[in-house]
Amino acid sequence: LQSQDQNTYRIGGVVVKNKGKIRPLVPFAIHTKASTLLDDPEIDTIVEAIDDSEAAFEIAKYALLSGKNVISANKKMIATYLRDLIALQQQAQGRLKYEASVAGSIPIIQLLNGYLAQEPVELLRGILNGTSNFILTKIFNDSMDYQRALRQAQKLGFAESDPSSDVSGRDTWYKTKILLHEAYGLEISLDQIFYYGIDTLGSDDIQYAKSKGKRIKLIAHIIQKSGSIAAWVMPQFVDASDPLFHIDNEYNSIEIESSNLGKQHFTGKGAGALPTAVALHGDLTSLNREKPIARALSYQALSPEEIKLEVYIRDKQILDRSIIPFIKVREGYLDDRFHYLIGEVRLSDLLNLKSWLSSRSCGVIATGRYHVNEAAQLKSVKRVEMELAL
Ligand SMILES: NC(=O)c1ccc[n+]([C@@H]2O[C@H](COP(=O)([O-])OP(=O)(O)OC[C@H]3O[C@@H](n4cnc5c(N)ncnc54)[C@H](OP(=O)(O)O)[C@@H]3O)[C@@H](O)[C@H]2O)c1
């Protein structure tokens, strides 16, 4: 990593897992026991970028309790243990930073916690997984098949060691939970955020998108209406008028919309060793500069029953409408190979149907249309008015 950093910190050592592994020479001591660094009183900051979220949490917990700072790239660990980690940070002196855990080179966490901290963001949506986007780009732009595109992503180092997290949508799901916290200070449990991946997409789904002049992108969606928030992660049809249509390969892109600022777009490399290293390094250099900002606004989670999404659902057989409770169907097609319907479904029904849809390898793709129950919005407005009156 080339850098202009003039800071005076010293790297005390590196911890790895496998002692015998052949690796490039580094000018630091290499250890295999995290305790070597965790118990060293000279070390005040632990940078954690390992692929085991449970081991990472133990390391982060121990470090924070010992008053050390923790910088992490591990979105699964942060999303799963966010509440515990924040409590640990408050209890001890150390600080926790995790810019590298979301959207690689886009400094989205700094942005949401700094410049946008008092801005009531109405929409935050984006492509947050470089591997899935790389695969979809190869499928749509180069007519490559799914397996070959995945192998290429792994060869180039974009895919995680276990790519199932990328392609199943789980990686984007973890990042969405982190963004909910960064943008709104809100902790929504993972099981309240619907996610679906690109791993069940079939050639019929791709053909359908192409026939309409669209591409499919894996998109995280967070909406805020009158103080109430909802989020989901799903493949979505996008056409050329959508800026996300043009985001290719391992790039990530985030769109933020608010009434004061209109739309803003942030694009950058979402995966790979160097963008991740730059984000970790950025956290390190900002440790002593920033103090956390207290938000003036407060938000609440919207019940998933209050949100209706228009989705394309495809199965190999006739879709059973007594199982999938479409509120309205706009389009459908049936032949001897597959059946799809496009219509409105409640987000709560999608959450309940998630395992059923995945087990049948159904394609599930959002059209980008959704609406929020008016009554739920009015309730939220009343709540905000009451808060202001207090
Ligand atoms: N790759 C990316 O583009 C990217 C981007 C953003 C965030 N991240 C996050 O960064 C983390 C690492 O991802 P990666 O792709 O770099 O994985 P990776 O290539 O598999 O590297 C994982 C490293 O962690 C070490 N390790 C595993 N368990 C350990 C333990 N218990 N104690 C000490 N060291 C341990 C491994 O040691 P050995 O070398 O001895 O096996 C290896 O060096 C993950 O949380 C991932 O989500 C990755």
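Taken together, the values in this text are just the output of simple stated rules run on the coordinates, not laboratory data. A quick note: this is a predicted structure, and the numbers were derived from the prediction, not measured. Glycine also receives a Cβ, built like all others from the backbone with ideal geometry; neighbour counts cover every protein chain displayed.
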Fluctuation leader among ILE50, ILE178, ILE223 - the chain, Gaussian network, Cα springs under 10 angstrom = ILE50
request  = Measure out, as a whole number of angstrom, how far apart the alpha-carbon centroids of the stretch 84-124 and the stretch 256-310 sit.
outcome  = 7
key: Residue (of PHE140, ALA153, LEU179) at the positive-pole extreme of the stretch 140-236, dipole from beta-carbon charges   = PHE140
request  = Among LEU38, LEU350, LEU244, determine the one that fluctuates most according to a GNM of the chain built with springs between C-alpha atoms less than 10 Å apart.
outcome  = LEU38
key: FRET E, pair ALA296, ASP44, Förster distance 35 Å, beta-carbon r, rounded to 0.05   = 0.65
query = Which value, in debye to the nearest 20, describes the size of the charge dipole of the stretch 146-187 about its Cα centre when Lys and Arg Cβ atoms bear +1, Asp and Glu Cβ atoms bear -1, and nothing else is charged?
reply = 280
Whichever aspartates and glutamates have a C-alpha closer than 17 Å to that of LYS214, once near sequence neighbours (fewer than 8 apart) are set aside = ASP142, ASP204, ASP205, ASP239, ASP242, ASP248, GLU310, GLU331
task = Measure nothing but the geometry: give the 0 to 90° angle between the long axis through the Cα atoms of 347-359 and the longest principal axis through the Cα atoms of the chain, rounded to 10°.
result = 90
remark   = Note: GLN264 to ILE30 extended length (0.36 nm per residue) minus current alpha-carbon separation gives 80.0 nm
remark   = Semi-axes in Å, largest first, for the chain (Cα gyration tensor, √(5λ)) are 37, 27, 18
With 5 Å bins from 0: P(r) over the stretch 146-226, alpha-carbon pairs, percent = 3, 12, 19, 19, 17, 15, 10, 4, 1, 0
inquiry  = Could you tell me the relative contact order of the stretch 1-136? Use alpha-carbon pairs under 8 Å, at least six residues apart, and round to a whole percent.
reply    = 15
message = So for the chain, averaging the separation of alpha carbon pairs under 8 Å that are six or more residues apart and normalising by length, what relative contact order in percent results?
response = 17
key: Fluctuation leader among SER164, SER359, SER132 - the chain, Gaussian network, Cα springs under 10 angstrom   = SER359
message = If N is the number of residues in the stretch 115-250, what value comes out of its Cα radius of gyration divided by 2.2 N^0.38 Å?
response = 1.08
ask   = How much net charge surrounds GLY94 when only other residues with a Cβ under 11 Å from its Cβ are counted (Lys, Arg +1; Asp, Glu -1)?
value = +3
remark   = Dividing the alpha-carbon radius of gyration of the stretch 36-167 by 2.2 N^0.38 Å, where N counts its residues, gives 1.26
remark   = All alpha-carbon distances of the stretch 270-310, grouped into 10 Å bins from 0, give the whole-percent distribution 19, 22, 24, 29, 5
key: Ranking of LYS175, LYS354 by count of other Cβ atoms within 10 Å, fewest first   = LYS354, LYS175
ask   = About its Cα centre, how strong a charge dipole does the stretch 230-351 have in debye, to the nearest 20, once Lys and Arg get +1 and Asp and Glu get -1 at the Cβ?
value = 340
note = Rh (Kirkwood, all Cα-Cα pairs) for the stretch 204-263, Å, reads 13.3
message = For the chain, take the longest principal axis of its alpha carbons; what is the angle in degrees between that and the long axis of helix 273-286, to the nearest 10 within 0 to 90?
response = 60
query = Counting only residues 5 or more places away or on other chains, whose amide H sits under 5 Å from the amide H of ILE229 once H atoms are built in the peptide plane?
reply = GLN300, ALA301, LEU302
query = So between GLN154 and ILE86, what do we pick up on full extension, going 0.36 nm a residue minus the alpha carbon distance?
reply = 21.2 nm
query = How far is the Cα center of the stretch 127-202 from the Cα center of the stretch 12-72, in Å?
reply = 27
ask   = Expressed as an acute angle from 0 to 90° and rounded to the nearest 10, what is the orientation of the C-alpha long axis of helix 53-65 relative to the principal long axis of the chain?
value = 50
key: Computed magnitude of the charge dipole of the stretch 1-124 (debye, nearest 20; Cβ of K, R +1, Cβ of D, E -1)   = 380
remark   = Neighbours of GLU58 by Cβ distance under 11 Å: Lys/Arg at +1, Asp/Glu at -1, summed charge -2
